[in-house]
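The values are calculated or read from the model by the stated rules, or taken from the named source; none is laboratory data. Because the structure is predicted, anything quoted here is derived from the model rather than measured. Here the Cβ is made from the backbone with ideal geometry for all residues, glycine too, and neighbour counts use every protein chain on show.
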Amino acid sequence: MSKRSPRLQFTDEERAAPELEKVIRKADKAADKVDKAEAKIPKKTVKRKERVVDGDGKVTVRLHFEEVEKKAPSKLAHSVTDAPLNVVLASAHREVRESEEDNVGVESAHKLEEAAEGGVRTLESAHRSHQLKPYRNAAHAEKVADKANLKALNKQAQRDNPQFSSNPYSRWQQKRAIKKEYMAAKAGKTGKTTAKTAETTAKTAEKAAEGTKKTGQFIARHRKGVLVVLGLSLIVAFLLGVVSSCSVIAQSGVSGLAASSYSTSDADMQAAEAQYCAMEAELQDYLDSYERTHDYDEYHFDLDDIEHDPYVLISAISALHGGEWTIDEVGGTIQMLFDKQYILTETVTTETRYRTETRTGSYTYTDPETGETVTEEYEYEVQVPYTYYICHVSLENFNLSHVPVYIMSQDQLSLYATYMSTLGNRPDLFPDSAYVNRYYNTEYEDYEIPASALSDPQFAAMMEEAEKYLGFPYVWGGSSPATSFDCSGFVSYVINNCGVGWNVGRLGASGLLSICTRVSASNVRPGDLVFFEGTYDTTGASHVGIYVGNNMMIHCGDPIQYADLSSSYWQQHFLAYGRLPSP
């Protein structure tokens, strides 16, 4: 086994600090669980010899007995041991199958024989699984403890060095340095105690912050040259992504930071946002005053809300213009994006209606007494047809985040996804955006899939592929690591690329449901798909994830993450479980 997770030591003052109390308590609790898990690992007594030489040169051998942990049973060793027998059995079964088609009795006996052998293999597998359980539990406890320890050290470093908390790159560097120092301490490669780790890594982070500042100043002085280098780097990164599992969204070092950062000035980005907001305000005013400025008999309005997220706007403009731009250069782009997002339809229909009008008529007659001709008027009512005008006004907000997939090349969409995953490394630019809390101030739920579920090689292959993309942002229409994913794009990609043998193409949620066989909640198993409806305005399945057991799924939310299906939201929108066809 690897070096065990160290139990961190904190001072009384640190334990009393409100901002550290919770993370220290979790670290202590995780360390206790490691102790309990390791205590359950089987022990064996070993004999050790010790040679002692006295002053006269006489050598005495002393025996010592001590308990040490037994090594975990090797799964490979069992496989090697069973392999010759499995080959013989497979050959025998093939010979029997060749003749069983003509002999029902042989066929029945053969089925029973295969079932018995399968039962023996199941029992052997269960026995090995039982033997490995304490080792799996200890490894899991150690992993949880490492996570709790790193979180406590990060929190301690943020408390001791608040100047780094507002800079996302410095925070990232600090976390990276802490993890490196911690793993070195755990492996016994450094003499520093874990209690000093945060202090050491804070100094590392401070140096990183100074380096970032100098890099920023260099970029400001040599923008054009840097952009050329970044452009070439992005092309190389994209090509490398074809033959590796590296994320285009998670670049390392200063070059990665620059590639995922907005390179346009704050003034130009704020001006673009202000111009877009002014166009939205003009549209809203037009709709608010519509009845006053038009002359129709009747009005019907069907209007979506007028709103957008500024990070979507700036990321889209930056991707379309290759990074750096000025407000004078992007007027046409802003108008194009506005026209794609807001679709205003004004339809006038007419009806022939009738209204009652009073008219005046006259008639003449001769007065019998005087003989004079008299003319008298009278009033009467008539039904008069007229055209009645009905105006129907609809405004569809297509959602600006849905627009990029329809107007961008794959390279541009990849750049857009990169900007959105980091918010251009500028969470301070539009702090009221919902994306800031989504990417910076919250953590998506971590989940450890039970080892028993991963014993299914087909499911294990699916999860090996799916977990590569944890943290990737939701991009409408995205269907590959280069562009990031939407929900159905993520599931389709995992199915097609997990190496099991499926090739279903790029399907939407309803398309994936159509190729599945529906299963009940009592029969659902890891690797089945789970479908939802009504998560947005569409008919049929509107969202899909992969069921991983224990009422959990992995899906492309925002970002890609695990989710608990027992939450009220998913229960409200649940549609069905579906089992994929055999590959």
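Quick notes on this structure:
- Exactly one residue out of ARG525, ARG579 is more than 19 Å from GLY489 (Cα to Cα), touching a residue at least 12 places away in the same chain (Cβ under 8 Å) and of a type in the set (D, E, K, R): that is ARG525.
- Matching option when the condition is surrounded by fewer than 19 Cβ atoms within 10 Å (Cβ to Cβ), of a type outside the set (Val, Ile, Thr) and within 26 Å of PRO310 (Cβ to Cβ), among SER455, SER520, SER514, SER433: SER433
- Some residue of segment 327-343 being small (Gly, Ala, Ser), under 28 Å from SER414 (Cα atoms) and in contact with a Ser or Thr (Cβ under 8 Å, 6 or more places away or on another chain): no
- ALA461 surrounded by fewer than 21 Cβ atoms within 10 Å (Cβ to Cβ) and modelled with pLDDT of 90 or more: yes
- Hey, TYR389 of a type in the set (Phe, Trp, Tyr) and under 13 Å from the mean Cα position of the chain (by Cα) or not: no
- Members of segment 266-306 found to be in a loop (DSSP other than H, G, I, E, B) and either over 31 Å from the mean Cα position of the chain (by Cα) or without any contact (Cβ under 8 Å) to a residue 60 or more places away in the chain (or both), listed by number: SER289, HIS294, ASP295, TYR296, ASP297
- Restricting segment 464-476 to residues that are crowded, with 17+ Cβ neighbours inside 10 Å and farther than 19 Å from VAL312 by Cα, the residue that is farthest from the chain's Cα centre (by Cα) is GLU465.
- Criterion: touching a residue at least 60 places away in the same chain (Cβ under 8 Å) and surrounded by fewer than 17 Cβ atoms within 10 Å (Cβ to Cβ) - qualifying residue of PRO385, PRO404, PRO450: PRO450
- Residue pairs meeting the criteria (Cβ under 7 Å; at least 6 apart or on separate chains; first modelled with pLDDT under 90 and buried (at least 24 other Cβ atoms within 10 Å of the Cβ), in segment 477-498; second of a type in the set (Val, Ile, Thr) and part of a helix (DSSP H, G or I)): GLY478/VAL405
- The requirement of being in contact with a Leu (Cβ under 7 Å, 6 or more places away or on another chain) and either more than 30 Å from ILE306 (Cβ to Cβ) or hydroxyl-bearing (Ser, Thr, Tyr) (or both) is not satisfied by THR370.
- Residue satisfying all of: in segment 337-386; under 30 Å from VAL403 (Cα atoms) and assigned to a strand (DSSP E or B); farthest from the chain's Cα centre (by Cα) among these: VAL348
- Listed conditions (1) assigned by TED's automatic domain parsing to the domain that holds GLY478; (2) in a helix (DSSP H, G or I); (3) aliphatic (A, V, I, L, M) are all met by VAL405, apart from (1).
- Summed over segment 534-551, residues that are in contact (Cβ under 8 Å) with a residue 12 or more places away in the chain, farther than 15 Å from CYS516 by Cα and either among the aromatic types (Phe, Trp, Tyr) or surrounded by 19 or more Cβ atoms within 10 Å (Cβ to Cβ) (or both) total 2.
- Elements of type helices (runs of 4 or more DSSP H) contained in segment 432-520, each with 1 or more residues being of a type in the set (Phe, Trp, Tyr): 434-439, 457-466, 487-497
- Selection count, segment 467-514, where residues are of a type in the set (Val, Ile, Thr) and touching a strand residue (DSSP E or B) at 6+ places or on another chain (Cβ under 8 Å): 3
The rows are residues; the columns are (1) small (Gly, Ala, Ser); (2) loosely packed, with under 12 Cβ neighbours inside 10 Å; (3) touching a helix residue (DSSP H, G or I) at 6+ places or on another chain (Cβ under 8 Å); (4) at pLDDT below 95.
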site	(1), (2), (3), (4)
ASP295	no, yes, no, yes
PHE301	no, no, yes, no
PRO310	no, no, yes, no
GLU329	no, no, no, yes
THR370	no, yes, no, yes
THR375	no, yes, no, yes
GLU381	no, yes, no, yes
